[in-house]
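Asks: Sharing a structure with you now.
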Amino acid sequence: MLKKLLVLAVAVGAGAVFGYLFLSPDGDGIHDRVPGGPLVEIALPATLSDNAELGRSIYETACLSCHGPHAVGQDGVAPPLVHKIYEPSHHADESFQRAVSVGVQAHHWPFGDMPAVEGLTRADVALVTAYIRELQQANGIN
């Protein structure tokens, strides 16, 4: 009986987290999803630094097919990177490096594991990270 209650409590907790991330109308833009569509709406910065502009180009080649244009995510595919979960104090720049080089086990989102991305150097990922950070900053994620 205790085991059943524990399983029920875990299921309820997981449902609450899911509801918070995906259904809550708290302004995070995730609650009105369209299959394959963006998971968040963002403001684009007026300009990008030279490094972020280079990163944007790399992002569009290596990351856009999963994480969507401007890192807004794609419903059913991959999470948005312009999201409070990926703020620098929670996911440092090195976490992007590791995700690209060795992949990452799913832990915040229900999209499954992210595989490693072939063909990108650490310098490439640093430029992509600069692009993502500037998008985040333009959206109040510091």
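Asks: Does Gly29 meet the test of being at pLDDT below 95, over 25 Å from Arg122 (Cα atoms) and in contact with a Pro (Cβ under 6 Å, 6 or more places away or on another chain)?
Replies: Answer is no for this residue.
Asks: Condition check: in contact with an Asp or Glu (Cβ under 9 Å, 6 or more places away or on another chain) and surrounded by fewer than 22 Cβ atoms within 10 Å (Cβ to Cβ). Does Thr61 satisfy that?
Replies: Taking the combined requirement at face value, the residue does not satisfy it.
Asks: Pairs please, first residue from segment 62-81 and closer than 16 Å to Val125 by Cβ, second anywhere and among the hydroxyl-bearing types (Ser, Thr, Tyr) and assigned to a loop (DSSP other than H, G, I, E, B), Cβ atoms under 8 Å, 6+ apart in sequence or on different chains.
Replies: Final answer for the pair search is none.
Asks: So is His108 touching a helix residue (DSSP H, G or I) at 6+ places or on another chain (Cβ under 7 Å) and assigned to a helix (DSSP H, G or I) or not?
Replies: It is false that His108 is touching a helix residue (DSSP H, G or I) at 6+ places or on another chain (Cβ under 7 Å) and assigned to a helix (DSSP H, G or I).
Asks: Just one of Val125, Val104 is surrounded by 22 or more Cβ atoms within 10 Å (Cβ to Cβ) and aliphatic (A, V, I, L, M); which is it?
Replies: Going through Val125, Val104 in turn, the sole match is Val125.
Asks: Among the residues of segment 72-89, how many are part of a loop (DSSP other than H, G, I, E, B) and of a type in the set (Ser, Thr, Tyr)?
Replies: Matching residues across segment 72-89 total 1.
The values are calculated or read from the model by the stated rules, or taken from the named source; none is laboratory data. This is a predicted model, so every value here is computed, not measured. Here Cβ is always computed from backbone atoms with ideal geometry, including for glycine, and neighbour counts include all displayed protein chains.
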